[in-house]
Amino acid sequence: MKVLVTGGAGYVGSHCARALCDAGHEVVVYDDLRAGHRAAVDARATLVEADLADSATLNATFASGGFEGVMHFAASLDVAESVRLPLAYYENNVVNTIRLLRTMEQHGVRRLVFSSTCATYGVPESVPITEGMLQDPINPYGHTKLAIEWALRDSATAWDLGACALRYFNAAGAAADGTMGEDHDPEPHLIPIVLQVAMGRRDKVFMFGVDYPTRDGTCVRDYIHVEDLASAHLLALESQKPGVFRRFNVGTGRGTSVKDLIDAARSVTGHAIPAEPAPRRPGDPPELYADPSEIASGLGWKPKYTDIREVVETAWEWHRSHPQGYGEG
Ligand code: UFG
């Protein structure tokens, strides 16, 4: 199938684009490279370097013909930034997705997999989180992703779009062959930060909150390997039917605390990794982990990486071999 991958030069998008190529699909990556990396684009894929706001290029890309599906990753994703710049988030995430959907409708493309997030649940009433729980985001980033889910659901009814929203928990790790991984600037995420400490690029990691009502006082998250995310996207795309909206949590079902994570990184890297308690980070829910049973039964998906040490090992391999990320090629 010919597939457009928006944001296909970014962290999750690039791993999914590669998985699509591996499965024999024809891939066109659509990315403006503001946050994405040219070097992350698979050599078998074609790159269209453009913004989704550029309607002429978007239209011309679909007009080149043959597209059967879209994987949509392009989005702004920094929670703290979204609080400061909500309109920029609505513009880039919601408005640009509407542009994409209109163009898909025009060109008769009716299969979409959307990169959604557990942030759409806000602070969940209980864990593990199931898909039927209340979605009540606590920041603009989460609001924009939820608004897009609504647009997809309504489009499924109105013009036969077949759409699957995958609500990821914490995307983590790197390609098993060490050639692709996470490279954000600035880097807000725990695993890369902890590994930068192990590499001596930072003195210590701050643990944002050690007084949460969790088993060791630090926040609990569900770290899902990026290649497991890629396999979920592939299954979702290949099984998608027109006119049907589906949504699945994508997580392991296992909660890992900030302290657990740092301990795993110490054991993988052999470095001490000094860690210091720090105040809570605003907007952090204490505990988020998935109940992944719906995606197991609905798509037959199961994560390969269920041990946090193995996830950290792949990330460590990537960061060690690419200390400047894609900057070093
Ligand atoms: N953390 C630290 N120190 C750091 C960085 C992070 O203690 O230097 C903690 C955070 O407070 C949090 C945990 O590590 O408790 C994980 O933080 P990340 O920033 O790695 O990930 P988040 O859980 O904040 O973010 C993820 C996704 C977002 C999504 C959010 C939903 O990256 O896109 O989950 O809550 F919105």
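The values are calculated or read from the model by the stated rules, or taken from the named source; none is laboratory data. Predicted model only: the values in this text are computed from it and were never measured. Here the Cβ is made from the backbone with ideal geometry for all residues, glycine too, and neighbour counts use every protein chain on show. Surface areas here come from the heavy atoms of the whole protein model, side chains and all, with no ligands, DNA or RNA. Shrake-Rupley method; radii C 1.70, N 1.55, O 1.52, S 1.80 Å.
Given Cα positions, please report Rg to Rh for the chain, the hydrodynamic radius being the Kirkwood one. Each step should come with its number before you reach the end.
Working: Rg = 19.0 Å, Rh = 20.0 Å.
We get a ratio of 0.95 for the chain.
Taking 0.36 nm per residue of separation and subtracting the Cα-Cα distance, what length does fully extending D54 through R309 add?
On the way: separation 255, 0.36 × 255 = 91.80 nm, distance 4.20 nm.
Once the chain is fully extended between D54 and R309, it gains 87.6 nm.
How much accessible surface does M207 have with a 1.4 Å probe, in Å² rounded to 10?
20
By per-residue mean of other Cβ atoms within 10 Å, what is the highest-first order of 257-265, 304-312, 244-252, 123-131?
On the way: 257-265: 21.4, 304-312: 18.2, 244-252: 23.0, 123-131: 16.2.
Output ranking for 257-265, 304-312, 244-252, 123-131: 244-252, 257-265, 304-312, 123-131.
For segment 28-182, take the alpha-carbon Rg, divide it by the Kirkwood Rh, and send me Rg/Rh. Walk me through the numbers before you get to the answer.
Numbers: Rg = 16.2 Å, Rh = 16.8 Å.
Across segment 28-182, the Cα-based Rg/Rh ratio is 0.96.
When only C-alpha pairs under 8 Å and at least 6 residues apart count, what is the relative contact order of the chain, in percent?
Numbers: 690 pairs, mean separation 62.8, N = 329.
With pairs under 8 Å counted, the relative contact order is 19 percent.
Quick check on the chain: of the DSSP beta bridges with both residues there, what percent are antiparallel, nearest 5%? Let's see the in-between values first.
Working: 2 of 41 bridges.
So the antiparallel bridges amount to about 5 percent of the total.
Using only the C-alpha atoms of segment 202-315, find the volume of their convex hull and express it per residue in Å³.
Working: hull volume 14.5 nm³, N = 114.
Cα-based convex hull of segment 202-315, divided per residue, equals 127 Å³.
Using the crude model of +1 on Lys and Arg Cβ and -1 on Asp and Glu Cβ, and no other charge, please compute the dipole size for the chain relative to its Cα centre, in debye to 20. The partial results should precede the final answer.
On the way: 30 positive and 43 negative charges, 49 e Å.
Rounded to the nearest 20 debye, it is 240 debye.
So, taking all protein chains as they sit and a 1.4 Å probe, how much accessible area belongs to T97, in Å² rounded to tens?
0
Pull up the DSSP beta bridges for segment 156-308 and report the antiparallel fraction as a percent, rounded to 5. It would help to have the intermediate numbers written out before the result.
Numbers: 2 of 16 bridges.
Looking only at bridges with both residues in segment 156-308, the antiparallel portion is about 10 percent.
How large is the dipole of segment 190-278 about the Cα centre if only Lys and Arg carry +1 and Asp and Glu carry -1, each at its Cβ, rounded to the nearest 20 debye? All intermediate terms of the calculation are to be shown ahead of the outcome.
Working: 11 positive and 10 negative charges, 37 e Å.
Dipole about the Cα centre, nearest 20: 180 debye.
Specify the residue with the greatest mean-square fluctuation among Q106, Q135, Q240, computed from a Gaussian network of the chain linking alpha-carbon atoms under 10 Å apart.
Q106
So if I average 1/r over every pair of distinct C-alpha atoms in segment 139-211 and take the inverse, what Kirkwood radius in Å does that give?
Details: mean 1/r = 0.0629 Å⁻¹.
Computed over Cα pairs of segment 139-211, the Kirkwood hydrodynamic radius comes out at 15.9 Å.
How would you order 7-13, 114-120 from highest to lowest mean count of nearby Cβ atoms within 10 Å? Walk me through the numbers on the way to the answer.
Details: 7-13: 26.7, 114-120: 25.0.
Listed from highest to lowest mean packing, they are 7-13, 114-120.
How much of K145 can a 1.4 Å solvent probe reach, expressed as accessible area in Å² and rounded to 10?
In the full protein context, K145 sits at about 10 Å².
Are there DSSP H segments in the chain that both extend 18 Å or more along their axis (alpha-carbon positions) and score a mean Kyte-Doolittle hydropathy of at least 0.5? List them, or say none.
Working: long enough: 140-159 (27 Å, -0.33); 226-239 (20 Å, 0.68); 308-321 (20 Å, -0.81).
Flagged H segments are 226-239.
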